[in-house]
Amino acid sequence: MAKKVFIQESFPTNNLSIMKVSAILKRKIQERVDDVTVFMASDILSVHPDEHDIIIELNMKPELGEEAFAIEDIEGGIRISANDQRGLLYGAGKLLRTSNYANCEFKVGSWRGNSGPDKEIRGVYLATHFNNYYHCAPIEEIVEYIEDLALWGVNAIAVWFDMHHYTSIEDPNANEMITRLRAILKAVKGMGLMTALVGLGNEAYAESPVELRADWSQNPGYSRGLGSHYHVELCPNKPGAMDLMLKWKEEVFTEFLEIGIDFVLFAPYDQGGCTCLECYPWGGNGFLKISREASILTRKLLPDVKIILSAWLFTYFVPDFDPVEWKNLEKLLIEDSSWVDYIMWDYNTTSITGTEFIYDQYLKENGIPGGLPLLGFPEISMFATLPYGGWGANPQPDYIQRLWNKAGSAYEGGFPYSEGLYEDLNKIVCTQLYWDETRNTDDIVKEYIEYEFSPEPDLAETIFCAVKKMQSTYILHSR
C-alpha cells in the first residue's frame, strides 16, 4: 500500500508530451484517493524524490511497436514502457484499472505483460450540436473526459462544425463554435491523439441562396422516417453551387490549419442530399461529385490528411434498398481511388425499435469498394432511446457484441457516434473491441465496473446484473 507515489520519467523531463501522460496519471490517482500524494519529476522542488512509497516509471521502448505498451515490476515499483506517447497513455490506463484504491491508499494491481491494438483507428465522434453535452459543457470538463477515454485506448477524436445553424462563417455564433472546436482539438493533439473533422456532402448555411438549393421531395427515404433535410442544402449540379460549397469548406478547414487535422470525413446522410435528376441517387451520384472535389481541395490545404468517405445509410434512400449507390461508388473507385483513404459504413436498421443489425449484402458479396479499409460508425447514443439521452445511461454491450460477431473482423476500427456521457460504457466497449477484437463484451463491462464502481466481487456482480437488466428494459419500453 502506498501513501506517496512518485511518477518518474526515464528520459529528459522537458518532454512535454510525456509530461502530459504523467499529469493525467497523477490526476486520476488523486481523484480516487485524496490521502495519497502523487508527484512528478517537475514537482521535485517542493517534494524530495526519495520521499515515496512506490515509483511508477514511464519508459520509452521503441521495439514494442506503435501504440503498444508493457507493464513490469522494477525495484521499488513498476515500469510502464511504450513506443510512443499514446502507448504510455494506454499503459497508464491499464495500470489504473487494475490497481486498488481501498482504505485511502494506492495499491498497484497484478497485471503484467505486453499489449497492443488490433485495429488502427479507435476514434470517437463527439456530436457538437443541438445543445447536447459536447456543445454546452465547459471545455475543461470535456478535455478531462477525452483524457479518460484515451486511457481506455481511444486514439482519435472527431468533431463537426454543423453549419446549418449559422448564417455564415462570420456569424458570431459560428465563430464561438469554431473557437470551441479548436480548443477541443488542440487539447486532443496535446495528448498525442489524432483529430478528425466531419462534414456533409452538400451542407449549407441557414441563408444559402434559394435558387441553388437542393431538391429533396422525391427521396423515398424521408417518407420512411429516415434522415433529415433542412432544405438549405445545395445542389452541386446547379451553376455556381459547387464553387460556393467548396468556398465554405475551405473557410472552415482554414480555421483548423494550425491544429493539424489527421482525418476529414465526408458523409452523404442523414441530413442533406439532392433528388434532382442530375444528383439522384444521391449517395452514388451527387454526393460522390461534391466529395471528390472537396477531397482534392482538402489535400491542397492539408497535404497529409486522410480522407474518409462515409457510406452511412447507403441503400436506405432508394426504392427497395437497391444497392445502386454501392455499385456506383465501386465503379468510380475502380477508375480512381486516389482521393479516398477509407470507407466508413455501419448501421442498425432502426435505432428506435432496436431492430437487429444487418450486414449489407452487397458488401458480403463484393467486398469493400476499391479494396479500401473499412471503418465503423457504431450507433451507441440513440439505440432504443427517444428522446436521446432522456433515459440516462443506455448500456448496450450485448447488442454491440451481436454487431461485432456479424462483421467486426471487416473493420479497421471506427468512430462510435456519441451525443454525451450517458453512453460512456458503450464507448468503452467499442474501443476495447477495436483494441482486442477477440474480447468478449461481458469481460469489458466487468473491467469497467471494477474500475468505475468497485472491485468488491459481490457489489461488482450486482452492478453487472443491473447492466444486463437495463438492456432488456430499453428494448421492451422502446417497442
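The values are calculated or read from the model by the stated rules, or taken from the named source; none is laboratory data. Predicted, not measured: the structure shown is a model, and the values here were computed from it. No Cβ is skipped: glycine too gets one built from the backbone with ideal geometry, and neighbour counts run over all protein chains shown. For accessibility, only protein heavy atoms count, side chains too; no ligands or nucleic acids. Shrake-Rupley method; radii C 1.70, N 1.55, O 1.52, S 1.80 Å.
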Under 18 Å from the Cα of Lys247, which aspartates and glutamates turn up, not counting those fewer than eight places away in the same chain? Asp162, Glu170, Asp171, Glu203, Glu207, Glu211, Glu233, Glu255, Glu293
At 1.4 Å probe size, with no ligands or nucleic acids counted, give the accessible surface of Tyr101 in Å², nearest ten. 40 Å²
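Once you have the Cα-Cα distance between Leu277 and Glu140, take 0.36 nm times their residue separation minus that, and quote the gain in nm to one decimal.
Result: 44.5 nm gained on full extension.
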Report the label-to-label distance for Thr179 and Trp391 in nanometres (one decimal), using points 7 Å from each Cα along the Cα→Cβ vector. 3.8 nm
Residues meeting the amide H criterion for Met194 (H placed from the backbone, H to H distance under 5 Å, 5 or more places apart or on another chain) are Ala156, Ile157
Here the gain from full extension of Lys3 to Lys468, 0.36 nm per residue of separation minus their alpha-carbon distance, amounts to 163.7 nm
Efficiency by 1/(1 + (r/R0)^6): what FRET value for Glu335 and Asn100, r their Cβ-Cβ distance, R0 = 56 Å, to the nearest 0.05? 0.45
The chain: angle of helix 16-32 to the longest principal axis, Cα-based, in degrees nearest 10: 70 degrees
For the stretch 101-130, list residues with backbone N below 14 Å from a point placed 7 Å from the Cα of Glu437 toward its Cβ? 117-122
Report relative contact order for the chain in percent, whole number only (criteria: Cα-Cα under 8 Å, sequence separation at least 6). 13 percent
Separation between the Trp111 and Asp243 pseudo-spin-labels, each 7 Å from Cα along Cα→Cβ, expressed in nm? 5.7 nm
So for the stretch 110-162, using the alpha carbon gyration tensor with a ≥ b ≥ c as root eigenvalues (a/c under 1.5 gives rounded; past that, a/b versus b/c decides prolate or oblate), I'd call it oblate
Peptides ranked, highest mean first, by Cβ atoms within 10 Å: ranges 21-32, 191-202, 363-374: 191-202, 21-32, 363-374
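Using a Förster distance of 35 angstrom, determine the FRET efficiency expected from the C-beta separation of Phe130 and Ser217, and round it to 0.05.
Calculated value: 0.90.
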Residues with amide H under 5 Å of Ala214's amide H, sequence separation 5 or more or different chain, H placed in the peptide plane at 1.01 Å from N; which? Glu233, Leu234, Cys235
Label model pair Ala23, Thr167: point-to-point distance (7 angstrom along the Cα→beta-carbon line) in nm is 3.9 nm
Multiply the residue gap between Glu461 and Leu301 by 0.36 nm, knock off their C-alpha separation, and tell me the result in nm, one decimal place. 52.4 nm
May I ask for the angle, rounded to the nearest 10°, between helix 457-478 and the longest principal axis of the chain, with both axes built from Cα atoms and the value confined to 0 to 90°? 10 degrees
Given pairs Lys3/Lys61; Lys61/Lys300; Lys189/Lys427; Lys327/Lys406 and cut-off 25 Å on Cα-Cα distance, the over-length ones are Lys3/Lys61; Lys61/Lys300
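Efficiency by 1/(1 + (r/R0)^6): what FRET value for Gln361 and Ser228, r their Cβ-Cβ distance, R0 = 30 Å, to the nearest 0.05?
Numbers: r = 26 Å, r/R0 = 0.87.
After rounding to 0.05, the efficiency reads 0.70.
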In what sequence, largest accessible area first, do Ser217, Ser418, Ser17 appear using a 1.4 Å probe? Ser217, Ser17, Ser418
What whole number of Å gives the distance from the Cα centroid of the stretch 125-156 to the Cα centroid of the stretch 94-115? 25 Å
Under-5 Å amide H pairs with Gly414, H placed in peptide plane, nonlocal only: Ile121, Arg122, Gly123, Gly376
Could you order Ser381, Ser472 so the one with the most accessible surface comes first? Probe is 1.4 Å. Ser472, Ser381
Helix 241-254: inclination vs the chain longest Cα principal axis, degrees, rounded to 10, gives 10 degrees
Expressed as cubic angstrom per residue, what is the convex hull volume of the alpha carbon set of the chain? 149 Å³
Estimated 222 nm signal from helices in the chain, with DSSP H stretches of n ≥ 4 weighted -39500 (n - 2.57), rounded to 500: -11500 deg cm²/dmol
Restricted to Cα positions, what overall size does the stretch 165-255 have along the principal axes? Three whole-Å values, descending. 46, 30, 21
If you place +1 on the Cβ of every Lys and Arg and -1 on the Cβ of every Asp and Glu, how big does the dipole about the Cα centre of the chain come out, in debye to the nearest 20? 340 debye
